[in-house]
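> Okay, here's the structure, questions in a sec.
The values are calculated or read from the model by the stated rules, or taken from the named source; none is laboratory data. The model shown is predicted, which means the values in this text are computed figures rather than measured ones. Here the Cβ is made from the backbone with ideal geometry for all residues, glycine too, and neighbour counts use every protein chain on show. Accessible surface is based on the protein model in full, side chains and every heavy atom, while ligands, DNA and RNA are left aside. Shrake-Rupley method; radii C 1.70, N 1.55, O 1.52, S 1.80 Å.
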Amino acid sequence: MQRMRIRYAKRGRLRFTSHRDVARAFERALRRAHVPMAYSQGFSPRPKISWIGAAPTGVASEAEYVEIQLVREVDPAGLVAVLDEAMPPGLDVLEAVPAGTGSLAERVEASRWRIEFDGVPPEQLKSAVDALLAAERVDVERLTKDGKRTIDARAAVVAAVVDAAPGESAPCGILDVVVRQTTPAVRPDDVLSALRVVADLAPPVPAKATRMAQGRLDDSGGLSDPLAQDRVAAPDRQPAAPRSDAD
């Protein structure tokens, strides 16, 4: 068997797709691309796929990760090509690396988000972010299937920087924020709620969030690449790629 770790993006209209629908699309693409998947045992065998920290519905991402198990070795570059071709537009396969030792999930403890606030001047956004960072605790409410739940959004925020969107005629503040993946996870919507609590910040149009990276926190508050160790350990040999329906 071979374990392959894949980074993919969720872009455009596909940001509104639920994780369940993304998983279904991914499984269909694996079948269409004739990827030699390993399957579980039992009455209803399922392809062996492990999802790592899937992005919530309504946000885009440039750094989603999934691990798959194969029954034979394949060429990572060839896998990216045939799998990306089989994916719907907006789900883009970016990279595949043979899995090294250790767990991929253990290498992911935080996310870096880019949140665009159309109609909000950068100075106003910075004032709100400064108030958030100065607070010891900011409780926000989240509606779950079990009712409303209160969480501390401030505790998960590691770092936050505000910038202006280049070339925009209308004001648009950009928030680059690193959020620790706690339990329960603090999502971009929770950060927006926290800014509303501490500074009454209410964007005139919904903010647009994109996950730019996931990884382990370093001493400076940055994120390490979770696939870096696997690239170093990847073998030099190039096995045959799976074939697509177009072959």
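> Using Cα-Cα distances under 8 Å and only pairs 6 or more residues apart, what relative contact order does the chain have, in percent?
That works out to 27 percent.
> Now for a separate question. On a 0 to 90° scale, report how tilted helix 76-86 is relative to the longest principal axis of the chain, with both axes built from alpha carbons and the result rounded to the nearest 10.
Once rounded, one gets 70 degrees.
> Multiply the residue separation of residue 57 and residue 19 by 0.36 nm, subtract the distance between their alpha-carbon atoms, and state the gained length in nm to one decimal.
Using 0.36 nm per residue and subtracting the Cα-Cα distance, I get 13.0 nm.
> Additional query: Charges on Cβ only, +1 for Lys and Arg, -1 for Asp and Glu, centred on the Cα centroid of the chain; of 113, 197, 233, which one is farthest towards the dipole's positive end?
Value computed over the given set: 233.
> Round to the nearest 10 and give me the degree value, 0 to 90, for the angle of helix 122-134's Cα axis relative to the longest principal axis of the chain.
It works out to around 90 degrees.
> Another question about this same structure. Subtract the Cα-Cα distance of residue 228 and residue 31 from 0.36 nm times their separation in residues, and report this length gain in nm to one decimal.
68.1 nm
> Roughly how many Å² is the accessible area per residue of region 141-210, as a whole number, for a 1.4 Å probe?
Heavy-atom SASA per residue in region 141-210 reads 56 Å².
> Over region 86-164, what is the mean sequence separation of C-alpha contacts under 8 Å (at least six apart), divided by residue count, expressed as relative contact order in percent? Intermediate results must be reported in sequence, preceding the final value.
Numbers: 42 pairs, mean separation 18.0, N = 79.
Taking the mean separation of contacting Cα pairs over the length of region 86-164, I get 23 percent.
> Express in nm, to one decimal, how much length is gained between residue 146 and residue 72 on full extension, taking 0.36 nm for each residue of separation and deducting their alpha carbon distance. It would help to have the intermediate numbers written out before the result.
Values: separation 74, 0.36 × 74 = 26.64 nm, distance 4.32 nm.
That works out to 22.3 nm of additional length.
> Let me ask something additional. Could you work out [θ]222 nm for the chain from helices alone, using -39500 (n - 2.57) per DSSP H run of at least four and dividing by all its residues? Round to the nearest 500 deg cm²/dmol.
Rounded to the nearest 500, the figure is -7000 deg cm²/dmol.
> Kirkwood Rh over Cα pairs of region 102-247 into Stokes-Einstein at 4 °C, 1.567 mPa s: D in µm²/s?
Rounded, D is 75 µm²/s.
> Compute the distance in nm between two label points, each set 7 Å from the Cα along the Cα-to-Cβ direction, one at residue 180 and one at residue 50.
Reported label-point gap for residue 180 and residue 50 is 2.4 nm.
> How about residue 148: which lysines have a C-alpha closer than 25 Å to its C-alpha, ignoring those fewer than 8 places off in the same chain?
Straight-line reach from residue 148, under 25 Å: 208.
> Excluding ligands, DNA and RNA, what is the solvent-accessible area per residue of region 1-41 at a probe of 1.4 Å, expressed in Å²?
Accessible area per residue, region 1-41: 55 Å².
> Can you give the Rg and Dmax of region 16-62 based on its C-alpha atoms, in angstrom?
Rg then Dmax for region 16-62, in Å: 12.5, 36.
> Taking 25 °C and 0.890 mPa s as the conditions, I'd like the Stokes-Einstein D for the chain in µm²/s, using the Kirkwood hydrodynamic radius from alpha carbon pairs.
Once the numbers are plugged in, D ends up at 125 µm²/s.
> Tell me the carbon and sulfur percent of the accessible area for the chain, rounded to whole percent, probe radius 1.4 Å.
49 percent
> Any idea of residue 8's accessible area? Nearest 10 Å², probe 1.4 Å.
Its heavy atoms expose roughly 10 Å² to the probe.
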